[in-house]
1. Of all residues being among the aliphatic types (A, V, I, L, M) and touching an Asp or Glu at 6+ places or on another chain (Cβ under 9 Å) in the range 24-57, which is farthest from VAL123 (Cα to Cα)? Just the residue, please.
2. Report every pair of residues separated by at least 6 positions or lying on different chains whose Cβ atoms are under 7 Å apart, first residue within the range 20-32 and closer than 18 Å to LEU130 by Cβ, second of a type in the set (A, V, I, L, M) and surrounded by fewer than 18 Cβ atoms within 10 Å (Cβ to Cβ).
3. Restricting the first residue to the range 88-113 and requiring it to be within 23 Å of VAL64 (Cα to Cα) and acidic (Asp, Glu), which pairs with a second residue that is surrounded by fewer than 18 Cβ atoms within 10 Å (Cβ to Cβ) and at pLDDT 95 or above meet a Cβ separation below 6 Å and a spacing of at least six or different chains?
4. So LEU114 passes all but one of these: (1) part of a helix (DSSP H, G or I); (2) modelled with pLDDT under 95. Which condition number does it fail?
5. Return the pairs, sorted by first residue and then second, in which the second residue is of a type in the set (Asp, Glu), the first residue lies in the range 127-140 and is surrounded by fewer than 20 Cβ atoms within 10 Å (Cβ to Cβ), the beta carbons are less than 7 Å apart, and the residues are 6+ apart or on different chains.
Amino acid sequence: MQVRDELVQKWMSTRVVTCPPTAKLPDLYKLMIKYDIRRIPIMTEPETDDEMPQLLGIVTHGDVRSAEPSTITSLGMWEMRYVAARMTADKFMTPDPITIAPTATIGEAARKMLTNKVSGLPVVDGKGQLVGILTESDIFRMVTAYEWQQGEVVAV
């Protein structure tokens, strides 16, 4: 099997930190720091026990930085903090993010990431449920594992 034929489900992260659309900007930032992550899928909040959360969007570290009030403003420090503390994920997330299936190949995922200029893809199964996330780091980890395993440089 070639590296590019590996399946996403083998290399994706299955422990995914998610948040509702009502999550506040400072809370998202704190979660990114705490878990050393650069993206958080934003999920619906089920109204009944039978409902499963659905992927609404994604917030990246760049989105968080862009959403923070500029220091070049007439607002004072306390006013900027006030504004940031009330900003919710649904206001600055990327809605309907590009996703990938767990049965897709790493080659397909890499092409999708390159084509769309994204560094991570939520992994969604056939039922539309979030089952993981695949990032550039996961792909690097896979390539590195193959390189050391085979003792040579591997082309993806």
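1. If we filter the range 24-57 for residues that are among the aliphatic types (A, V, I, L, M), which is where we start, we get 25, 28, 31-33, 37, 40, 42-43, 52, 55-56.
In the following step, the residues that additionally are touching an Asp or Glu at 6+ places or on another chain (Cβ under 9 Å) were identified as 25, 28, 42, 55-56.
Values: LEU25: 24, LEU28: 20, ILE42: 13, LEU55: 10, LEU56: 13 Å.
This residue is LEU25.
2. LEU31/VAL17
3. Here the result reads ASP90/PRO21, each pair linking the range 88-113 to a residue that is surrounded by fewer than 18 Cβ atoms within 10 Å (Cβ to Cβ) and at pLDDT 95 or above.
4. All conditions pass for LEU114, except number (2).
5. So the pair list comes out as VAL131/ASP125.
The values are calculated or read from the model by the stated rules, or taken from the named source; none is laboratory data. Note that the structure is predicted; figures quoted are calculated from it, not measured. All Cβ positions, even for glycine, are placed from backbone atoms using ideal geometry, and neighbour counts span all protein chains on display.
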